[in-house]
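Engineer: Take a look at this one; I'll ask things after.
The values are calculated or read from the model by the stated rules, or taken from the named source; none is laboratory data. Predicted model, so just to flag it, every value in this text is computed and none were measured. No Cβ is skipped: glycine too gets one built from the backbone with ideal geometry, and neighbour counts run over all protein chains shown. To get the accessible areas, we keep the full protein, side chains included, count just its heavy atoms, and leave off ligands, DNA and RNA. Shrake-Rupley method; radii C 1.70, N 1.55, O 1.52, S 1.80 Å.
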Amino acid sequence: MQYLGLALTCSHCLSEMPAVAFFNANALFGYRLCQSCHSELKDRIQFVTKQAFALYLALRQNNISAELEKFDGFKKVDIAVDEVYIHIEVDGKHHYTAEQALKDLKRTTYSLQNEYITIRIPNELIDHELKQTCDHLAAIVQFRQRKAG
């Protein structure tokens, strides 16, 4: 369904939404989710930054099977793309202290032991270059899919 050239689809499952539901979801929540997806994600949304959620939705809209707030047995990861062993962490400025950077490095080491690479994306990049960020991450996912055979 379209309204003045705007695709009226859920940002998560990409299903069509009635215009009223589409605009109400955007006004109430700040994102366009159908009722089913909102119910499924509402508990996880509260724990991620708006930048992590925006990137997650952008990846989903690019047909990347990303998972939000995935527990890997040791920690929660902002976004996981399990099929290609990628963890994406969306970082605010508090990650740029030596103490936090060391904690992040330990988390990355743990992930590598399970063959996951960790890609760290600053909030600022998502705020200013969401599309390009998503395009590059999609290219990385495609590269790893080809490598896996």
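Engineer: Within the range 46-56, track down each residue that is surrounded by fewer than 19 Cβ atoms within 10 Å (Cβ to Cβ) and either among the aliphatic types (A, V, I, L, M) or touching a helix residue (DSSP H, G or I) at 6+ places or on another chain (Cβ under 7 Å) (or both). Spell out the reasoning first.
Structural biologist: Step one: of the range 46-56, the residues surrounded by fewer than 19 Cβ atoms within 10 Å (Cβ to Cβ) are 46-47, 49-50.
Across the range 46-56, the qualifying residue is only 49.
Engineer: Could you please find all residues in the range 125-149 being touching a Leu at 6+ places or on another chain (Cβ under 9 Å) and not aliphatic (A, V, I, L, M)?
Structural biologist: Scanning the range 125-149 gives 132, 133, 134.
Engineer: Follow-up question, since we're still on this one. Do you know which of the residues in the range 57-85 that are in contact with a helix residue (DSSP H, G or I) (Cβ under 7 Å, 6 or more places away or on another chain) and among the aliphatic types (A, V, I, L, M) is farthest from residue 131 (Cα to Cα)?
Structural biologist: Only one residue tops the list, namely 84.
Engineer: With respect to the numbered conditions (1) without any contact (Cβ under 8 Å) to a residue 40 or more places away in the chain; (2) under 22 Å from residue 127 (Cα atoms), which one is the sole condition not fulfilled by residue 75?
Structural biologist: If we test residue 75 against (1) without any contact (Cβ under 8 Å) to a residue 40 or more places away in the chain; (2) under 22 Å from residue 127 (Cα atoms), just (2) comes out false.
Engineer: Is there any pair with a first residue in the range 14-40 that is within 16 Å of residue 53 (Cα to Cα) and assigned to a loop (DSSP other than H, G, I, E, B) and a second that is aliphatic (A, V, I, L, M) and modelled with pLDDT of 80 or more whose Cβ atoms are under 6 Å apart and which are 6 or more apart or on different chains, and what are they?
Structural biologist: Listed by first residue and then by second, the contacts come to 34/17.
Engineer: Right, another one. All but one of (1) at pLDDT 85 or above; (2) loosely packed, with under 14 Cβ neighbours inside 10 Å hold for residue 35, so report the exception by its number.
Structural biologist: (1)
Engineer: Take the range 92-110 and flag every residue that is charged (D, E, K, R) and either open to solvent by less than 70 Å² (accessible area, probe 1.4 Å) or touching a residue at least 24 places away in the same chain (Cβ under 8 Å) (or both). Please lay out each step first, then the result.
Structural biologist: Taking the range 92-110 as the starting set, the residues that turn out to be charged (D, E, K, R) are 93, 99, 103-104, 106-107.
Matches in the range 92-110: 93, 104, 107.
Engineer: Picking from 66, 54, which residue would you name as being among the aliphatic types (A, V, I, L, M) and either farther than 16 Å from residue 119 by Cα or modelled with pLDDT under 95 (or both)? Before the answer, list the steps.
Structural biologist: Details: 66 fails: either farther than 16 Å from residue 119 by Cα or modelled with pLDDT under 95 (or both).
None of the other options fit; the residue is 54.
Engineer: Now for a different question. Out of everything in the range 111-149 that is closer than 27 Å to residue 73 by Cβ, open to solvent by less than 80 Å² (accessible area, probe 1.4 Å) and of a type in the set (Gly, Ala, Ser), what residue ends up being modelled with the highest pLDDT?
Structural biologist: Looking at the filtered set, the residue picked out is 138.
Engineer: Please determine whether any residue of the range 79-91 is open to solvent by less than 40 Å² (accessible area, probe 1.4 Å) and either over 21 Å from residue 41 (Cβ atoms) or modelled with pLDDT under 95 (or both).
Structural biologist: yes
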